[in-house]
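The values are calculated or read from the model by the stated rules, or taken from the named source; none is laboratory data. Worth saying up front: this structure is predicted, and the values here are computed from it rather than measured. Every residue, glycine among them, receives a Cβ derived from its backbone with ideal geometry; neighbour counts consider all protein chains shown.
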Amino acid sequence: MAIFTKPENLNGAELKQELAAIGIVVESIKDNLDGTISFNTDNEKLAKPIVDAHNGTVIPTEPTITEKLASVGLSIDDLKVALGL
């Protein structure tokens, strides 16, 4: 069992996919509850940079009003005109 520093934004399913992309198949990832994770692998050197670079569970930011309006082809000025302002 190899032990790695736990990524700040750990998403186990994504990490398994990232590891599988380089040929490391992982059945389960254990959170050791001490700032580390562990999983069975015979190639710790190849897995380490993938675990270190992992950034799962990224929470999308809420779009601004300008971005929301632009998604339907409008601008702030268009909205003002429509509201009679």
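Just name the residue that is surrounded by the fewest Cβ atoms within 10 Å (Cβ to Cβ) out of those in the stretch 39-60 that are of a type in the set (V, I, T) and farther than 14 Å from K6 by Cβ.
In this case the residue turns out to be I59.
Do we find that L19 is in contact (Cβ under 8 Å) with a residue 40 or more places away in the chain and either surrounded by fewer than 10 Cβ atoms within 10 Å (Cβ to Cβ) or at negative phi (or both) in this structure?
So L19 does not fit the description; no.
Go over the candidates L15, L10, L46 one by one and state the one that is at pLDDT 95 or above, within 18 Å of the chain's Cα centre (by Cα) and either charged (D, E, K, R) or not in a strand (DSSP E or B) (or both).
L15
What are the residues in the stretch 18-36 that are closer than 13 Å to I50 by Cα and either among the hydroxyl-bearing types (S, T, Y) or within 17 Å of the chain's Cα centre (by Cα) (or both), if any?
Answer for the stretch 18-36, where residues must be closer than 13 Å to I50 by Cα and either among the hydroxyl-bearing types (S, T, Y) or within 17 Å of the chain's Cα centre (by Cα) (or both): E18, L19, A20, A21.
Which condition does T66 not pass, out of (1) over 14 Å from the mean Cα position of the chain (by Cα); (2) touching a residue at least 24 places away in the same chain (Cβ under 8 Å); (3) surrounded by 11 or more Cβ atoms within 10 Å (Cβ to Cβ), if it passes all the others?
With respect to (1) over 14 Å from the mean Cα position of the chain (by Cα); (2) touching a residue at least 24 places away in the same chain (Cβ under 8 Å); (3) surrounded by 11 or more Cβ atoms within 10 Å (Cβ to Cβ), T66 is out only on (2).
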